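To start, the structure itself, in structure tokens.
Throughout, read-outs are computed from the coordinates displayed, never taken from laboratory work. All figures in this text were calculated on a predicted structure; none of them were measured in a lab. Neighbour counts run over all protein chains shown; Cβ positions are idealised from the backbone, glycine included.
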């Protein structure tokens, strides 16, 4: 008995948390990530590696289905926690830890899943058939286990027969804007077509978040955008610096954050490695930006846009430092959702992720309805 | 002094070699955790127990397999990485002892590191998941870029020693370590080790931008095996560098086996520490570096070594 308790205790100490951020819950999500770190837990990238499913914000629209599917994909022992506001996270995680430690409860959960054929084993019954997205391909003949095979495509770079695979990216991926889904067709790892949409937001305003109330939180959110790009670019050290600036702002210590951001900007500007590895990724020409209804500052490649994001974070942090919590936040031009898809076409999957992150998280549904048809 | 005729060990020695490799891999995990904690400004103490906690967590976690996954190939790939690492160190002499004293030990190591291609690809292929598969593609793209430079890098010490037997290569460095007059080959070899261990700048097959890539669908003991395999490969790569470039067991005071371990630990530590310094190499750019920069550089290195050997007669 003592040994079992010791084993379980050690295992739960290293728990990993899959965070689902609902649209509008950004401040709560950032606070939740801090709470996860404070427990010594870590963030999981996928449900397969997670012990805890942490749902932040209000689950609306199509998101409840996604959350259910993710919950089924957690291997177990597993626990679910729901958080609505910034202050809730620590208590919710403590409850999740208690659930994970409870061996009897976990065994019952596992037996019940196995009995229902919904266990994490080699089943075909319990899962939704397409873990990556919800395309309807009932009309297709070749669909082993309900998953349609990749199709041929007319414009194919390598002439392979089964090489066009429809996949839905999002809404839950590491460093991905909340509530965003992008339906892509992949040739291998190359994005051929892409169409962005929003899920889980309020009816009237699907993606764009209600701006957080105070300047410090806005500045923290901007740092979070920077951290996302750097993490996706695979530069851990830089991402960690951006996140530490974010955490400092959330703790209301603006000066430290500004110093960190200035230092980070210097390192990004002078990193030859980063320049080389991001050079030419997702380049947007001025004409293209105009056609898609994008602001001037998306022009350039991902590195240029990363520098723009750092500038925005710096500006917001400076405004907070100078005038306190009620200072007006510098306005950021929003990116219309319909412009996102066309920017990804021709990128490989990793580059597409970088492009999405480099646009920041101020995505709005297109104000001009006609464009929706044209952009698809 | 390294013995040119090493003693082949029995089953007990084989088990000991496995134990040493896993201990080295564990040391790498702990060092990585401590460095991560220090970078984040956290106390390093917790990081020391972390590998134990993580291991226990993964052993307690259930295995899972997505719909229509190719479970057999997936698990072969995942379990194979540790095995390949063990087979790599089999030809590395530890002082007087060696598990397998092959005449073609250098080629053996090369064959093992090519086996990593298959294994990582299978780990990506198995779970029937887009992100895993893209991780597999990425590894093959990297492998095309790093494998030829790596091959030619380990040719240099073999030419220098005029032997493909690892013990002979170590013995040929009596006076002067090969790392001193084959620095380019050594650097390229180390990059190759980072690459086949999916480490540091070459960790893109399990990158965040593909949601963990080949790791995306792994849970429980399957994930543990793949992660352990990466660290074991890194340790095996560091161990093989010792007889190839770092003079094998030669050194003052300590016995040969102790020098081999000390050198391995130092190189392994350096490889682990590199991880935090460099951002990822995007796979589509890897060929550019591999074939335009590294391959010509290492070929020139081989030429220089060959000319020196020929001139010495």
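Largest first and in whole Å, the equivalent-ellipsoid semi-axes of region B:156-313 read 31, 21, 12, each the square root of five times a Cα gyration tensor eigenvalue.
Express in nm, to one decimal, how much length is gained between residue B:49 and residue B:309 on full extension, taking 0.36 nm for each residue of separation and deducting their alpha carbon distance. Value of the extension gain: 88.7 nm. So for the protein assembly as shown, considering every pair of alpha-carbon atoms, how many percent are separated by more than 41 Å? More than 41 Å apart: 31 percent of the Cα pairs in the protein assembly as shown.
Here region B:7-312 has an Rg and Dmax of 19.2, 63 Å, counting Cα atoms alone. Between residue B:181 and residue B:59, the modelled label-to-label distance comes to 5.0 nm, taking each label 7 Å out from Cα in the direction of the beta carbon.
For the residues of B:43-56, the average number of beta carbons from a partner chain within 10 Å of their own beta carbon is 3.
Dividing the convex hull volume of the alpha-carbon atoms in region A:215-333 by its residue count gives 89 Å³ per residue. Between the helical axis of B:71-89 and the longest alpha-carbon principal axis of chain B there is an angle of about 30 degrees. Note on chain B: with a GNM built from Cα contacts shorter than 10 Å, the maximum mean-square fluctuation among B:132, B:197, B:69 falls on B:69. Sorted into 5 angstrom bins from 0, the C-alpha pair distances of region B:22-70 split as 5, 19, 19, 18, 13, 10, 8, 6, 2 percent.
By the count of other C-beta atoms within 10 Å, a proxy for reagent exposure, A:22, A:223 are ordered fewest to most as A:22, A:223.
Dividing the helix sum by the residues of chain B, where each DSSP H run of 4 or more adds -39500 (n - 2.57), gives a mean residue ellipticity at 222 nm of -22500 deg cm²/dmol. Mean per-residue shielding of peptide B:193-203 is 1, counting Cβ atoms of other chains within 10 Å of each Cβ. In region B:7-312, Cα pairs under 8 Å separated by at least six residues give a relative contact order of 26 percent. Please give the Cα centre distance for region B:244-258 versus region B:66-99, rounded to the nearest Å. Cα centroid of region B:244-258 versus Cα centroid of region B:66-99: 27 Å apart. Summed over all non-identical Cα pairs, the Kirkwood treatment of region A:254-304 gives a radius of 12.5 Å. Note that region A:43-107 shows a convex hull volume over its alpha carbon atoms of 86 Å³ per residue. For residue B:38 and residue B:72, the FRET efficiency from 1/(1 + (r/R0)^6), where r spans their Cβ atoms and R0 equals 45 Å, is about 0.60. By how many degrees, between 0 and 90 and to the nearest 10, does the Cα long axis of helix B:105-125 differ from the longest principal axis of chain B? On a 0 to 90 degree scale, this one is about 10. With everything on Cα atoms, drop me the angle between helix B:183-196 and the longest principal axis of chain B, reported from 0 to 90° to the nearest 10. Rounded to the nearest ten degrees, it is 30.
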